[in-house]
Amino acid sequence: MRAHFKTAVRTSRSPLPLTLRRELADIVGGSNFLTGDATAGYVVDWTGRFHGWTPAVVRPGTTAQVSAVLAACNAAGVPVVPQGGNTGLVGGGIPLNGEVVLSLTGLDRLDPVDTDAMQVTAQAGVSLQRVADAHPGFDLPVRIASRHSATVGGAIATNAGGLRVLRHGPMRAQIRGLEAVLADGRVLSHMAGLVKDNTGYDYPGLLAGSEGTLAVITQARIRLTPRSENSVVALIGVSDLAGLHGLAVRSVREVTGLESAEFFTTAGLDILLAHTPLARPFREPAKTYLLLEASGPHAMEQLGELAADRPTAVAETASDRARLWQYRERHPEAAGFLGTPLKFDVSVPSGQWVHFASTVTGVVHSVDPYAQVITYGHIVDGNIHVNVVPAADADGRHQDVVFNHVASLGGSISAEHGIGALKARWISLARTDAERSLFAGIRAAFDPRGILNPNVLPR
Ligand code: 2HG
Ligand code: ZN
C-alpha cells in the first residue's frame, strides 16, 4: 500500500513499445497524445495523496477512437487507467504503476434534453454541472460538491452519491442507457432510454461502481428530474451528535419535500472560518450543524417546526441557499488547509450512527494521537466522511482501525468513493471469499487480459 503514496520511489520507467506509441498517436492525433511534462496534471490526484507516472496520456474524441486505443493496448498487453475529471478520492484514476492514461474529457457532446422522456444523452467527458444546466425546467438528480469538474463517465464508474441520495438515489439509479467499450475494443451500446426493459443482464447497473475495471464508459442516457421550485435551506445548530441524528431522522418523516440532510461539526467549521472568507452562520455556538433542504409549498413551515427554538439560518433565494450550502460543500477542502488528508467515506447502520460518530476520533487517536480528524456527511443514509490529517506515517494504520471499527458495527468501508487503491487491502472486511471470487470471474469475463485499471479493487 505504501508504494501507492507520494513517498513512493520509482526506479524503472519503461517507455511504450515504439509501434504502440505510433499507433496511439495516429489514432488520436499528435496533439491528443501527451508525454513527459505534458502529463503532469494527469498523474496526481486532487488531494495530492496519490502520485503516479505514465508513459503517455491519450485523449480520444470519439467512441471509435476509444475502441481503437483499447484494442491496441489490449493487443500489446499494456494496462490502461481511464480518467474523467480526476476528482476521485481513492487513487482510482491515477496511473500508480506507469499505466497509459485514457482521458475521456474530449468526449464532450451533450445532446438537447428530451423533455417528454425527461432524459438527456451525454458523452462521458461532460461535467455533471453541464448536465444539470442543460435545461431550465430540469435538473440532474445527483449533486456532488465536485460537479463542476466531475464527469458523467467518472460519476457512473464510481456510482457517485452525494447530497440528494435520500431523495433520488445514486448515479446508478439515473442510468437509462449506456454505451461502453470493452478492453478488446468491442462497443456495447444500449441507449434507447427505455424505463422498462427486461431483456437480460443489467450490465449498465454493473458498470456503475465498477471503477473502470470492466469497460470504459463513453456515453450515457441520464434521467432528469423537474427542477425544484421554492426550495428552502435551513442550517440548524444542535448541541450534540445524538440530538443531531434524532433531528435528521425526524426530518425524513416530517418534511415532505426533503431533498437533502447533511451534517458537519464545529471541528471542520472552525477550520473553514480560519482559512476562507466564510463568516460564522449565526452567533450562538453549536457543536454540530444539520443542513436541510426541502421544496414544495410546506417546506418553510415544516422546517420551522423541526428547528423549533434552536439557532437557525434560513435561505429562500438561490444566492442565499448557495451561501448556506457553502458551509457543507466546502468541507472537503477543510482538511486540505492543514495537510494532505486521508479520505474515508464509510457508512454504518442507522442504529450505530451516533456511536460511530462519537467514537471515530478516539479510534484514530489510538494509533496516531496527534492526527487531526474532521467528520461530516450525508447523515440519514448513514454515510459519514472522516477526513484525517495524519501526524504519524500514513502506512495503513489509520485505515486498519477505522475500517475494523466500521466492520464491527456492520457498516461499509466505502459508501461513495469506491475502493480504489486506497482501500484495496481491506476489501475482505467488506466482501466474503465467495463474493470476491464472483467479482474476479466477472472481471475476467469483461477484461480477460486484465488491462483495465489494474490497481483498483483487488483481483
Ligand atoms: C462530499 O460529500 C464528498 O463532500 C467528498 O463525498 C468527501 O472529501 C471528502 O471526504
Ligand atoms: Zn460525500
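The values are calculated or read from the model by the stated rules, or taken from the named source; none is laboratory data. The structure presented is a predicted model; accordingly, all values stated were derived computationally and were not measured. Backbone-built Cβ (ideal geometry, glycine too); neighbour counts: all protein chains shown.
Brief remarks on what is shown
- Residues that are of a type in the set (F, W, Y), closer than 17 Å to P390 by Cα and buried (at least 23 other Cβ atoms within 10 Å of the Cβ) within region 343-376 comprise just one, F344.
- Region 215-256: number of residues that are charged (D, E, K, R) and more than 30 Å from W353 (Cα to Cα): 4
- Here is the figure for region 44-71: residues that are crowded, with 22+ Cβ neighbours inside 10 Å, closer than 30 Å to V388 by Cα and away from ligand 1 (no atom under 16 Å from the Cβ) total 2.
- Subset of region 406-421 (residues that are more than 15 Å from ligand 2 (Cβ to nearest atom) and either among the hydrophobic types (A, V, I, L, M, F, W, C) or not in a loop (DSSP other than H, G, I, E, B) (or both)): V406, A407, S408, L409, I419, A421
- Some residue of region 246-262 being under 23 Å from I384 (Cα atoms), of a type in the set (D, E, K, R) and part of a loop (DSSP other than H, G, I, E, B): no
- Selected residue (only one of G209, G177, G161, G205 is in contact with a helix residue (DSSP H, G or I) (Cβ under 8 Å, 6 or more places away or on another chain) and closer than 21 Å to P79 by Cβ): G209
- Pairing each residue of region 14-29 that is more than 14 Å from C73 (Cβ to Cβ) with any residue that is modelled with pLDDT of 95 or more, provided the two are 6+ apart or on different chains, yields C-beta distances under 8 Å for S14/P55; S14/G98; P15/R21; P15/P55.
- Conditions (1) over 23 Å from R186 (Cα atoms); (2) modelled with pLDDT of 95 or more; (3) surrounded by fewer than 24 Cβ atoms within 10 Å (Cβ to Cβ); number of the one not met by G88: (3)
- When region 395-428 is filtered for residues that are small (G, A, S) and modelled with pLDDT of 95 or more, the ones remaining, listed by number, are G396, A407, S408, G410, G411, S412, S414, A415, G418, G420, S428.
- Of all residues in region 133-160, those being surrounded by 19 or more Cβ atoms within 10 Å (Cβ to Cβ) and closer than 16 Å to L110 by Cβ number 13.
- Selection status of G351, within 15 Å of ligand 1 (Cβ to nearest atom), assigned by TED's automatic domain parsing to the domain that holds I413 and either at pLDDT 95 or above or farther than 21 Å from G162 by Cα (or both): no
- Residue that is farthest from L342 (Cα to Cα) [pool: residues in region 355-376 that are within 16 Å of ligand 2 (Cβ to nearest atom) and among the aromatic types (F, W, Y)]: F356
- Selection status of R431, modelled with pLDDT of 95 or more and closer than 25 Å to D184 by Cβ: no
- Yes/no for T340 being closer than 23 Å to R425 by Cα, surrounded by fewer than 17 Cβ atoms within 10 Å (Cβ to Cβ) and more than 16 Å from ligand 2 (Cβ to nearest atom): yes
- Looking only at region 279-296, residues that are out of contact with any Asp or Glu (no Cβ under 7 Å at 6 or more places or on another chain) and either closer than 13 Å to A307 by Cβ or free of Cβ contacts under 8 Å to residues at least 60 places away in the same chain (or both) come to 11 in all.
- Selection from region 383-420 of residues that are more than 13 Å from ligand 1 (Cβ to nearest atom) and touching a strand residue (DSSP E or B) at 6+ places or on another chain (Cβ under 7 Å): P390, A394, H398, V406, G411, S412, I413
- In region 247-302, the qualifying residues are those that are within 17 Å of L166 (Cβ to Cβ) and aromatic (F, W, Y), and the one that is surrounded by the fewest Cβ atoms within 10 Å (Cβ to Cβ) is F264.
Residues are listed down the side, and each one gets a yes or a no for (1) modelled with pLDDT under 95; (2) closer than 25 Å to A150 by Cβ:
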residue: A25; (1), (2): no, no
residue: A38; (1), (2): no, yes
residue: G48; (1), (2): yes, yes
residue: P55; (1), (2): no, no
residue: P60; (1), (2): no, yes
residue: A71; (1), (2): no, no
residue: A75; (1), (2): no, no
residue: V80; (1), (2): no, yes
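- Matching option when the condition is closer than 28 Å to V44 by Cα, outside the structural domain of I271 (by TED's automatic domain parsing), more than 16 Å from ligand 1 (Cβ to nearest atom) and hydrophobic (A, V, I, L, M, F, W, C), among V367, V363, V346: V367
- With respect to the conditions (1) away from ligand 1 (no atom under 16 Å from the Cβ); (2) under 25 Å from G246 (Cβ atoms); (3) basic (K, R), R328 lacks only one, and its number is (1).
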